[in-house]
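Here the structure comes first, spelled out in structure tokens, and everything after it is commentary.
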Amino acid sequence: MTAIDTTATVEDTSASAESVALTDAAAVKVRQLLDQEGRDGLRLRVAVQPGGCAGFQYQLFFDDRALDGDLELARRGVPVVVDRMSAPYLAGATIDFTDTIAKQGFTIDNPNAGSGCSCGNSFCC
């Protein structure tokens, strides 16, 4: 039986996180919200945390902290930060913003999400 190396180097996760994308609508909304905050140095932090019905949930929030191993990106003029543990889960993900009568908010289209819960707030790989 051969051992499987499950460790990832910063370079490995950096390449994964760089495929996180923002649509035009999401970038516009994030910029509007950043302007409303009125503070310099804030970035959109995208993270995956344990929890929710299916096992993992997304977190999107503004952060001015720099954590060890953070991957800093710029998407459509928006500063985005992904922690190195979340990066593999977010590889290829696209963040969008919807504003209709029926629905308003950010959505994440993630090719790594094998299944989700019925409420749509969590996913599993």
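The values are calculated or read from the model by the stated rules, or taken from the named source; none is laboratory data. Only a predicted model underlies this, so the values are computations on that prediction, with no experimental measurement involved. Glycine also receives a Cβ, built like all others from the backbone with ideal geometry; neighbour counts cover every protein chain displayed. For accessibility, only protein heavy atoms count, side chains too; no ligands or nucleic acids. Shrake-Rupley method; radii C 1.70, N 1.55, O 1.52, S 1.80 Å.
Calculate, for the range 69-115, the solvent-accessible area per residue in square angstrom, rolling a 1.4 angstrom probe over the heavy atoms of the protein chains.
Accessible surface, normalised per residue, equals 53 Å².
By per-residue mean of other Cβ atoms within 10 Å, what is the highest-first order of 57-64, 98-105?
Packing order, densest peptide first, comes out as 57-64, 98-105.
Taking amide hydrogens as modeled 1.01 Å from N in the peptide plane, which residues meet the under 5 Å criterion relative to THR107, leaving out close sequence neighbours?
Long-range HN contacts for THR107: ASP96, PHE97, THR98.
Which cross-chain or sequence-distant (5 or more) residues have an amide H under 5 Å from the amide H of GLY55, H modelled 1.01 Å from N in plane?
Amide H neighbours of GLY55, under 5 Å, 5+ apart: PHE123.
Just to verify a number: FRET efficiency for ALA102 and ARG31, C-beta to C-beta distance, R0 = 41 Å, to 0.05?
0.95
What's the carbon and sulfur percent of the range 27-86's accessible surface, probe 1.4 angstrom, rounded to a whole number?
47
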